[in-house]
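The values are calculated or read from the model by the stated rules, or taken from the named source; none is laboratory data. Just so you know, these numbers come straight off a predicted model, no measurement behind them. Counting neighbours? That spans all protein chains shown, and the Cβs are built from the backbone with ideal geometry, glycine included. All accessible areas refer to the heavy atoms of the entire protein, side chains included, with ligands and DNA or RNA removed. Shrake-Rupley method; radii C 1.70, N 1.55, O 1.52, S 1.80 Å.
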Amino acid sequence: TVAYNKDPSPVKVNLGVGAYRTEEGKPLVLNVVRRAEQMLIQNESRVKEYLPITGLADFNKLSAKLIFGADSPAIQENRVATVQCLSGTGSLRVGGEFLARHYHERTIYIPQPTWGNHPKVFTLAGLTARSYRYYDPATRGLDFQGLLEDLSSAPSGAIVLLHACAHNPTGVDPTLEQWEQIRQLMRSKALLPFFDSAYQGFASGSLDKDAQSVRMFVADGGELLMAQSYAKNMGLYGERVGALSIVCGSADIAVKVESQLKLVIRPMYSNPPLHGASIVATILKDSAMFDEWTVELKAMADRIISMREQLFDALKIRETPGDWSHIIKQIGMFTFTGLNSDQVAFMRQEYHIYMTSDGRISMAGLSSRTVPHLADAIHA
């Protein structure tokens with residue numbers, strides 16, 4: 001990003017940014033978010049008092065419902081402890097620290113590759129990070145056999161980090177059948193699932209579809225941890241809005257877990273911020289606003305899907321060597337192009353296109369205007 005900002009070229013393109021951009025390359029504030037903020041500002045009875053340690057109660061309830069489903073047995077049986085945290089990163093950190101203090105196994109298995117911050121967050125929280133095979137560079141798809149083998153040989157009770165949908169950085173997700181096999185294997189070995197959901201609704205355009213993997217694990221009655229972020233799907237990046245939910249074996253355990261989570265949070269940042277959580281709660285509570293949000297969310301997801309199709313078509317027209325079908329098979333904000341670091345450096349040097357050295361591009365950073373330029377660079 002620093003190099004991109006310094007580049008005077010008029011044709012430069014930044015595909016490294018992990019945030020949604022409009023067709024014009026501008027950050028987007030959702031209309032429904034602006035409307036919610038107006039309502040909050042006009043409400044004279046609102047004050048700026050501290051939230052409780054666990055955050056805004058409405059926000060917590062609605063967040064659990066959004067990811068687990070309104071009719072989730074875990075919610076109906078009060079087996080879920082939810083606390084508001086500082087976006088996805090803060091939720092992962094609080095969950096990691098809770099496990100380091102109270103869970104009998106201190107090893108967490110993380111997909112290879114994964115979001116760069118995952119190993120750091122968990123290591124600093126007091127866990128030992130190991131990796132399991134996930135991405136197969138040869139097929140640019142899932143190394144499913146490797147994944148099953150590595151989880152099979154993990155010690156019983158180990159924690160396993162799973163991306164709920166739109167795996168970052170690869171954009172490669174297991175199918176529902178594969179998720180079911182992963183679930184069976186993990187439950188048979190008593191491995192503890194820790195889901196990270198940064199893209200619910202953003203991958204397919206459907207909130208329910210993107211939560212299917214998580215709901216399969218909740219349906220079997222077992223325990224799990226769930227880190228949720230509203231950065232991408234509501235565009236609330238800088239408001240740092242997230243939640244950590246722990247699905248427990250009983251309502252009694254959930255009460256105790258919440259009490260222990262407070263002891264993790266209190267000396268860390270005392271209590272979470274009010275504004276972003278109030279925006280989310282306002283939107284999730286009101287059925288008309290909720291519907292408006294899902295329409296805007298689908299529009300963002302559809303734009304990204306359309307960028308994938310345009311890039312794939314552009315490479316096909318140029319008869320660029322190799323199979324590029326992974327661009328339309330992968331989902332979510334990111335695509336693992338399969339380009340190596342030398343090719344990435346060439347594109348930066350010759351075409352002023354900026355991306356991470358592993359060849360990951362943010363599809364949201366593309367537009368109909370810049371697709372031909374990127375296709376030319378890849379072709380070259």
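Summary of computed values
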{"item": "Counted residues, segment 72-102 - those being touching a strand residue (DSSP E or B) at 6+ places or on another chain (Cβ under 7 Å) and more than 28 Å from HIS275 (Cβ to Cβ)", "result": "3"}
{"item": "Residue among LEU236, LEU263, LEU224 that is over 18 Å from ASN168 (Cβ atoms) and in contact with a Phe, Trp or Tyr (Cβ under 7 Å, 6 or more places away or on another chain)", "result": "LEU224"}
{"item": "Some residue of segment 260-274 being over 22 Å from the mean Cα position of the chain (by Cα), farther than 30 Å from VAL94 by Cβ and either of a type outside the set (Phe, Trp, Tyr) or modelled with pLDDT of 95 or more (or both)", "result": "no"}
{"item": "Selection count where residues are over 22 Å from PRO169 (Cα atoms), among the aliphatic types (A, V, I, L, M) and not in a loop (DSSP other than H, G, I, E, B), scope segment 1-41", "result": "6"}
{"item": "Strands (runs of 3 or more DSSP E) fully within segment 104-210 counting 2 or more residues that are crowded, with 22+ Cβ neighbours inside 10 Å", "result": "107-112, 159-163, 192-197"}
{"item": "Condition met for HIS326 (touching a Phe, Trp or Tyr at 6+ places or on another chain (Cβ under 9 Å) and at positive phi)", "result": "no"}
{"item": "Residues that are over 17 Å from ALA125 (Cβ atoms), part of a helix (DSSP H, G or I) and in contact (Cβ under 8 Å) with a residue 24 or more places away in the chain, drawn from segment 240-268", "result": "ALA251, ILE253, ALA254, VAL255, GLU258"}
{"item": "Out of SER229, SER213, SER204, SER245, sole residue that is in contact with a helix residue (DSSP H, G or I) (Cβ under 9 Å, 6 or more places away or on another chain), among the polar types (S, T, N, Q) and modelled with pLDDT under 95", "result": "SER204"}
{"item": "Residue in segment 77-92 that is on the phi > 0 side of the Ramachandran plot and either in a helix (DSSP H, G or I) or not hydrophobic (A, V, I, L, M, F, W, C) (or both) present", "result": "yes"}
{"item": "Cross-chain or 6+ apart pairs with Cβ under 6 Å, segment 34-47 first and farther than 16 Å from LYS285 by Cα and aromatic (Phe, Trp, Tyr), then modelled with pLDDT under 95 and in a helix (DSSP H, G or I)", "result": "none"}
{"item": "First in segment 50-65 and part of a loop (DSSP other than H, G, I, E, B), second anywhere and basic (Lys, Arg), Cβ under 7 Å, 6 or more apart", "result": "ILE53/LYS262; ILE53/ARG266; THR54/LYS262"}
{"item": "Scan of segment 15-32 for residues that are open to solvent by less than 30 Å² (accessible area, probe 1.4 Å) and over 19 Å from the mean Cα position of the chain (by Cα), ordered by number", "result": "THR22, VAL32"}
{"item": "Every pair of residues 6+ apart whose Cβ atoms lie under 9 Å, when the first sits in segment 13-31 and is within 13 Å of TYR354 (Cβ to Cβ) and assigned by the TED database to the domain that holds ASN233 while the second is open to solvent by 20 Å² or more (accessible area, probe 1.4 Å) and β-branched (Val, Ile, Thr)", "result": "none"}
{"item": "Given (1) crowded, with 21+ Cβ neighbours inside 10 Å; (2) at pLDDT 95 or above, index of the condition SER287 fails", "result": "(1)"}
